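The values are calculated or read from the model by the stated rules, or taken from the named source; none is laboratory data. If you're wondering where the values come from, they're calculated on a predicted model, not measured in any experiment. Here the Cβ positions follow ideal geometry from the backbone for every residue, glycine too, while neighbour counts run over all protein chains shown.
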Amino acid sequence: MRTHIKRWLRVTVGVLAGAVTGVVELAFALVAGLWLLSTLGRRTGRAAEARVVAVARRLADLERRRMAAFFGTELAAPPSGLPAVNYVATRWALGLLGGVVLACALIGAGYASVAVWGWFLLDIREPGSLVLSSIGGLFLLYLCVQGTYGVALADERHARRFLGPNDGQLMERRIGELVASRAGVVEAVHDERRRIERDLHDGVQQRIVALGMLLGRARRTQDPDKSAGLLAQAHEESRRALVELRDVAWRVYPAALDEGGLAAALETVAERAAIPVRLDCALRQTPPPTAQAVAYFVAAEAVTNAVKHSGAALVTVHAEQRSDVLCLRVEDDGRGGADPSGSGLLGLARRVAALDGTLTVESPAGGPTLITAELPCA
């Protein structure tokens, strides 16, 4: 409820500011129109037109910043030339409409509250009329609340029509984002393959080679005691190879993610970490499997980096779902200085971007390091 009230108040202030600028734009349209008509066909006509365009562009930029501040609308920079003039010359009507709606809202609030203060300040002879006036005021106030949102929406659409970005520009921007994210995913997959190959070559393969050598020596020796010792070493080496193979398989994709969900996978990350990990997983709903997988890899990589590079004594992992967004926060008390452009964090950013999510890294010198991933679940 509080969020809706704050949003309506912000939109109302934006509409009120738009009403003030609407008066300025009406005056500009009248003065500029008369000025251009008076200089039509003269040598000063071009200079007058250039000044009109410059003023219109400033007013359009003011409207763009107003909508960004109060409506959260992102618009392109005002274009030069007739689009800016046409926008300013026609936008005043919406500004004055917003002023009328807000004035009606004040009238409705006055009539709605008369049932409270009217008993003390007015000579009430017909209480029924007072009650009906209050009900009518409440109804008018409700209509004006909805009308405020309507004016804001019409204002935004009017600005997009003249200032953009239009549907074609939005489509081009989206295509560019998809191309970039696809290239990032391909690069992240290649990095992951190289890391798996390196883990297998430097870890599991070396242990299997050592295991083969131990078994070969055990077969060639004639001393039963020495053969038994070599077999015991081979058994221990096979156990270590199996552990490393499980670690590699876990880094590729954890089985706990399918069996128990994100909470179980994060618990395993905390158990396997070399330093204490405080886990806070508050998921009221089950996020999509892709979002859970990316959140797991972000947490696992962040904890691994904290253990290897930050010198941290404690890592805190917090996961929660806000509306349709899965938010994961990993914070450590290490020395900080993490590089977001490094291979590990860059790969995570590409994974997150593939789901249209965002990854932010805050790691000032001296710490702490905070990694936040927001993943859409819709």
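Just one of the listed residues (LEU214, LEU122, LEU163, LEU130) is at pLDDT 70 or above and either within 30 Å of GLU301 (Cβ to Cβ) or over 25 Å from the mean Cα position of the chain (by Cα) (or both), and it is LEU214.
Taken over the stretch 240-270, the criterion of being closer than 27 Å to HIS201 by Cβ and modelled with pLDDT of 80 or more is satisfied by ALA265, THR268, VAL269. Scanning the stretch 7-23 for residues that are hydrophobic (A, V, I, L, M, F, W, C), surrounded by fewer than 18 Cβ atoms within 10 Å (Cβ to Cβ) and touching a residue at least 60 places away in the same chain (Cβ under 8 Å) returns TRP8, LEU16, VAL20, VAL23.
Counted as qualifying within the stretch 295-378 are no strands (runs of 3 or more DSSP E), as none has 2 or more residues that are free of Cβ contacts under 8 Å to residues at least 24 places away in the same chain and touching a Lys or Arg at 6+ places or on another chain (Cβ under 8 Å). Filtered by the rule that a residue be under 15 Å from the mean Cα position of the chain (by Cα) and at negative phi, the stretch 343-359 gives ALA349, ARG350, ARG351, VAL352, ALA353, ALA354, LEU355, GLY357, THR358, LEU359. Screening HIS190 on (1) of a type outside the set (Gly, Ala, Ser); (2) at pLDDT below 70; (3) more than 20 Å from LEU345 (Cα to Cα) shows it passes everything except condition (3). With the condition kept exactly as written, say whether any residue in the stretch 270-287 is surrounded by fewer than 22 Cβ atoms within 10 Å (Cβ to Cβ) and under 17 Å from GLY357 (Cα atoms). Yes, there is a match, as at least one residue in the stretch 270-287 is surrounded by fewer than 22 Cβ atoms within 10 Å (Cβ to Cβ) and under 17 Å from GLY357 (Cα atoms).
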